[in-house]
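The values are calculated or read from the model by the stated rules, or taken from the named source; none is laboratory data. Since this is a predicted model, take the numbers as computed values, not measurements. Glycine also receives a Cβ, built like all others from the backbone with ideal geometry; neighbour counts cover every protein chain displayed.
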Amino acid sequence: MVAVVRVQDDCWISARKAPEPDMGTALIPSDRYTSSAFMRLEWERMWSRVWLVGCREEEIPDTGDYITTEIGSESLLIVRGEDRKSRAFFNVCNHRGNQVKFDKCGNSRTLQCAYHFWEYDLTGKLVNVPDEEDFHQGCPKDLLSLKEIRTDVWGGFVWFNLNPDAEPLMDYLGVIPSHLDAYGFDRMAMTQNFTVEWDCNWKTSVDAFNEVYHVQCIHPELLYNNDDVDVQIDLYERHSRYLVPYQTHSPRLGAVEEVPEIVVEYMRSIGMDPEPYQGRVPEIRQAISRFKREHQDRLGYDYSRLNDDQVVDDYHYYIFPNITLNIFAEWALFFRQRPHDSDPNKMFYDVQFYTTVPKGQPRPPLPDHDQFRHGEKSLGLVLDQDSVNLPHVQKGNNSSAFEGLWISHQERRIRHMHQTLTDYIDGKRP
């Protein structure tokens, strides 16, 4: 298991191994990935009842800033009000059903439908109807204002829930805030933002990032800077994680005497000399953690709330149903998997990179959002490697010869996700 050095009580909690639930070994049916009927059940009983990330707070910093986002067949409009509160609405005008905003983002002091100029204020209230006297039935504002969606904020993200009676966000997140607040998401700035249309089910994508069993096959170069064997896996009420040791090597390689080039590059990037560690490769990981603490002022970071493993390792969290976070001491990689509105064989894969702004440095501007189909652009080496199989996995799931997923113990985060999903489908969760 991953070694733990206690720094503070909250750091100890963030590294503690969770008890292992008994989830059995049953086959996971392939039709969960291909069935339109199951897709409808997911929408009715899960997607419409869980907390989901709508946007980053920094994407709507000023009064009147708005952003649109889609989940399934619904378009949502998230707005920063004059009271500084972020609100979410169904993006539909109650006159003829036109979307209030067509674009991805913008700024406006009112929300005006382009079709007949019905106008709403930033709280969603209907404030102006041209030729209102011509509506003989009247235009009752309480009935015709924008339909608001429940929202809350955590980790610098605006969350929403389509279920007005849902449990509070912090109850839904469970252990997540107590584990991750130490990373200071408020100090992280988005540096990259794109969406890829993938020819696979949303769960096919989630599965790809919830196990390290594939690293030896898909990412062989990563065996030289992370340990894909001694990985701590923790399963919580809904969510899960694994803790991957970094700046070390996989036991699959046997003894490594020469410092791997990928580790050399990292050590030099923080001002550390790799030469003394030739022939002492197993000592590097802890040495890097100590070095970064000793030089945190020069590096511009504060590691005081992180345990020694967190200073160097990948704390990889999955927030049910569709958020994956690769979290390092100075940066994070955020994935959001969104279902297609009608086709279980398609999905949208949102990727965002976040970097902690070093002390004394200005916050970088927000990146432009880019959207494209799989294969049109490179996602970078590792994500290209991850994504190349996904359309083929989806085709295999549609084969009459394939009954379902035969999951190993080291892939049990996938089984846990399906167990949580089943609880929603079966009505065991509100």
Q) Does Arg32 satisfy being over 20 Å from the mean Cα position of the chain (by Cα), basic (Lys, Arg) and surrounded by 20 or more Cβ atoms within 10 Å (Cβ to Cβ)? A) yes
Q. Which ones in the range 107-122 are touching a Ser or Thr at 6+ places or on another chain (Cβ under 9 Å) and in a strand (DSSP E or B)?
A. Asn107, Glu119, Tyr120
Q) In the set Glu257, Glu237, Glu261, Glu197, which member is in the same structural domain as Glu376 (by TED's automatic domain parsing), within 27 Å of Pro391 (Cα to Cα) and surrounded by fewer than 22 Cβ atoms within 10 Å (Cβ to Cβ)? A) Glu197
Q. Which numbered condition trips up Trp154, out of (1) in contact (Cβ under 8 Å) with a residue 24 or more places away in the chain; (2) under 22 Å from Tyr315 (Cα atoms)?
A. (1)
Q: Report, by residue number, each residue of the range 143-155 that is surrounded by 17 or more Cβ atoms within 10 Å (Cβ to Cβ) and in a loop (DSSP other than H, G, I, E, B).
A: Ser145, Leu146, Gly155
Q) Conditions: (1) touching a strand residue (DSSP E or B) at 6+ places or on another chain (Cβ under 8 Å); (2) part of a helix (DSSP H, G or I). Phe38 meets all but one. Number of the miss? A) (1)
Q) Where residues in the range 205-234 are of a type in the set (A, V, I, L, M) and in contact (Cβ under 8 Å) with a residue 40 or more places away in the chain, which of them is surrounded by the fewest Cβ atoms within 10 Å (Cβ to Cβ)? A) Ile218
Q | Single residue of Ser269, Ser342, Ser304 found to be at pLDDT below 95 and of a type in the set (Gly, Ala, Ser) | A | Ser304
Q: Considering only the range 69-81, state which residues are touching a Gly at 6+ places or on another chain (Cβ under 8 Å) and either surrounded by fewer than 22 Cβ atoms within 10 Å (Cβ to Cβ) or among the small types (Gly, Ala, Ser) (or both).
A: Leu76
Q.
Can you find a residue that is in the same structural domain as Asp152 (by TED's automatic domain parsing), in a strand (DSSP E or B) and over 25 Å from Pro430 (Cβ atoms) anywhere in the range 78-93?
A. yes
(Q) Looking at Phe90 and the list (1) buried (at least 17 other Cβ atoms within 10 Å of the Cβ); (2) in contact with an Asp or Glu (Cβ under 6 Å, 6 or more places away or on another chain), which single condition is not satisfied? (A) (2)
Q. Out of Gln337, Gln361, which single residue is modelled with pLDDT of 95 or more and of a type outside the set (Phe, Trp, Tyr)?
A. Gln337
Q | Elements of type strands (runs of 3 or more DSSP E) contained in the range 302-414, each with 1 or more residues being farther than 29 Å from Gln216 by Cβ | A | 331-339, 347-356, 370-373
Q. Is it the case that Val259 is within 27 Å of the chain's Cα centre (by Cα) and hydrophobic (A, V, I, L, M, F, W, C)?
A. no
**Q.** Selection status of His418, within 23 Å of the chain's Cα centre (by Cα), farther than 28 Å from Met190 by Cβ and either among the hydroxyl-bearing types (Ser, Thr, Tyr) or outside any strand (DSSP E or B) (or both)
**A.** yes
Q: Collect the residues in the range 156-165 that are within 20 Å of Asn91 (Cβ to Cβ), of a type outside the set (S, T, N, Q) and assigned to a loop (DSSP other than H, G, I, E, B), keeping them in residue-number order.
A: Leu162, Pro164
**Q.** Matching helices (runs of 4 or more DSSP H) fully within the range 242-300 where at least 2 residues are closer than 30 Å to Val357 by Cβ and of a type in the set (A, V, I, L, M, F, W, C)
**A.** 261-269, 284-294
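Matching residues to (1) in contact with a Pro (Cβ under 6 Å, 6 or more places away or on another chain); (2) over 23 Å from Glu70 (Cα atoms); (3) crowded, with 17+ Cβ neighbours inside 10 Å:
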| position | (1), (2), (3) |
| --- | --- |
| Asp370 | no, no, no |
| Val382 | no, yes, no |
| Ser399 | no, yes, no |
| Leu421 | no, no, yes |
| Arg429 | no, yes, yes |
Q: Tell me, yes or no, whether the range 95-104 has at least one residue that is in a strand (DSSP E or B) and either on the phi > 0 side of the Ramachandran plot or among the small types (Gly, Ala, Ser) (or both).
A: no
Q: Can you confirm whether the range 412-421 contains a residue that is over 19 Å from Thr324 (Cβ atoms) and assigned by TED's automatic domain parsing to the domain that holds His316?
A: no
